[in-house]
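What follows is one structure encoded as structure tokens, with my remarks underneath.
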Amino acid sequence: MTESSSPRTVHARLPQLSVPHGSALLRSLTGPLARWLPKQRWFAGKGRPLSSLTLVSATELLPCSGAGSGPGLLHLLVRARHGGARDTTPDDCYQLLLGVRPVLPPTLSPALVGRPTEGPLRGQVVYEALHDTRLAALMLERLRAPGRHGTLSFGRAPGTAIPAGPTARLLTGEQTNSSVVYGEAHILKLFRRVSPGVNPDLELPLALAEAGCARVPAPAAWFEASFPGAALLGQATEPLTLGVLVPYLAGSADGWQLALASLTRRTDFTGAARALGRATAEVHTALAAALPTGTLGRPELEEAAAGMTERLAEAAAAVPALRPYQAGLRRTYRALAEYAERGGECRVQRLHGDLHLGQVLRTADGGWSLIDFEGEPARPLTDRRRPGPPVRDVAGMLRSFDYAACQHGTGGSWAESWSRANRAAYCRGYADTSGIDPMDQLELVRAYETEKAVYEVLYEARHRPHWLHVPMTAIRRLAASTPD
């Protein structure tokens, strides 16, 4: 793994390298990909037209010549441009794993990408390779044998046992990436939207493993793309983290499903919530010991409050339902600025970055594990790698308890009481381990919880309008509250 350069490298550029037969290959794939990409759950450009595709790299992991009946496997990095000439949104780079066959078996028909009508893949069938257990198994074999293949490099943690030949199973559901489970031993997470720099979902679990923190599964193997010649082109770039293989916690259950079960059965969840608070604090403590920390003083906190206010205005412009509550929400942000004026500070460190009940697992032994350290995928990678206030993770979990109670849709006042009790228990658990009760810094908690709720409103309005009422319930509560 290669360390990232200075955080000042905010807009690291992907090189546009000369790929052997790249233009011909792209001619084969442009039509099918232009139709297929926007339909994928992990495609970030929804609502904006896809104007062009550029091939960054192409690697044959299995020959795609079409000879014989076996599949070929093609690894691509493709840069997508959205909108017209006036659209200044940065391009997105996507990782694609494409299977190539002369004829697609009926069992793989849901994975169809297209049938190229020109170029070197003309007459072949191109499909999403991870649906093909044979091709998914090949990815595990590459990870078991560290080395380089074209622009791809495969690494493995020393002394890690990775069994050969387990059955591969692609996970389905709403994900911003793709995950393949191998038997009951490991799970491979492939990042779909990638950018230069080490991904936190590799960087932070490696640091935690070295620090001896057992709350997070330690990476067993990973792979990257790198472009050694890019510096010669005047476009120095870092490797791109493409995938991470970690132990599969068989028999575990995610916190979201456990919370919904508690709501359905009207059972107590505060013991689990308090234990989860302790687990979160353990991870924060280990990250603070392993990686750099800092402090936000008055200038930085005032800047943070101003940024929250600006993002609120942008969200309200996009979502009319938010507009009546702007004044109340801005009071919370002003309270944060006033906290800074009184000399208040905030420590910062590396964080999970997107902590909620769906990112934690209750393991077979009854303990909690934290997973998916990628952070909010919509944010630039350099932002996700920047130290932040631990209260950001705490606020994310507080919102998640509220989300579960509201999304559950039944229970009324009982569900609201469930949420309040578990939010309080989580904070008590966090204080048990860290010695810091998040509720002792109400201005920080409220500001970051409000920011999270505003983000949720924008997300749901764009992606799941039928869920918009869930964050709007919190918006009404937060706008009506008076900061102490």
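Report, to the nearest whole %, how much of the accessible area of the chain belongs to carbon and sulfur atoms, 1.4 Å probe, protein only.
Numbers: 11060 of 21100 Å².
So the carbon and sulfur contribution to the accessible surface is 52 percent.
Express in nm, to one decimal, how much length is gained between residue 303 and residue 103 on full extension, taking 0.36 nm for each residue of separation and deducting their alpha carbon distance.
Details: separation 200, 0.36 × 200 = 72.00 nm, distance 5.76 nm.
Difference between extended and current length: 66.2 nm.
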- Query: Stretched out fully, how many nm does the piece from residue 383 to residue 314 gain, at 0.36 nm a residue minus the Cα gap?
  - Reply: 22.9 nm
- Query: In nm, to one decimal, how far is the modelled label at residue 289 from the one at residue 226, with both set 7 Å along Cα→Cβ?
  - Reply: 3.0 nm
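Could you work out Rg/(2.2 N^0.38 Å) for the range 304-434, with Rg from alpha carbons only?
Working: Rg = 16.8 Å, N = 131, 2.2 N^0.38 = 14.0 Å.
With N residues counted in the range 304-434, Rg over 2.2 N^0.38 Å equals 1.20.
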- Message: With the alpha-carbon atoms as the only input, what is the per residue convex hull volume for the range 131-243 in Å³?
- Response: 126 Å³
- Item | Heavy-atom surface of the chain, accessible at 1.4 Å and reported per residue (Å²) | 44 Å²
- Query: Which distance in nm do the two modelled labels at residue 122 and residue 414 give, with both placed 7 Å along the Cα-to-Cβ direction?
  - Reply: 6.7 nm
- Message: Please compute the Kirkwood hydrodynamic radius over the chain, one decimal place, Å, based on all pairs of different Cα atoms.
- Response: 24.0 Å
- Note on the structure: The extension gain from residue 115 to residue 267, computed as 0.36 nm times the residue separation minus the Cα-Cα distance, is 49.5 nm
- Message: If you filter the range 118-220 for trypsin sites (Lys or Arg not before Pro), then keep DSSP loop positions with at most 15 other Cβ within 10 Å, what is left?
- Response: 122
- Once phi for every residue in the range 368-377 is put through the Karplus expression 6.51 cos²θ - 1.76 cosθ + 1.60 (θ = phi - 60°), the whole-Hz ³J(HN,Hα) values, with Gly and Pro written as x, are 9, 10, 9, 10, 6, 8, 5, x, 5, x
- How do 241-250, 199-208, 460-469 rank on mean C-beta neighbours within 10 Å, highest first? 199-208, 241-250, 460-469
- Item | Stokes-Einstein translational diffusion, the range 417-483 - Kirkwood Rh over all Cα pairs, 1.567 mPa s, 4 °C, in µm²/s | 98 µm²/s
- Message: Taking 41 Å as R0, compute the FRET efficiency from the Cβ-Cβ separation of residue 184 and residue 60 and round it to 0.05.
- Response: 0.85
- Here Rg/Rh (Cα, Kirkwood) for the range 309-357 equals 1.09
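The values are calculated or read from the model by the stated rules, or taken from the named source; none is laboratory data. Predicted, not measured: the structure shown is a model, and the values here were computed from it. Note: ideal-geometry Cβ built from the backbone for every residue, glycine included; neighbour counts use all protein chains shown. Remember, those area values only see protein heavy atoms, side chains included, never the ligands or the DNA or RNA. Shrake-Rupley method; radii C 1.70, N 1.55, O 1.52, S 1.80 Å.
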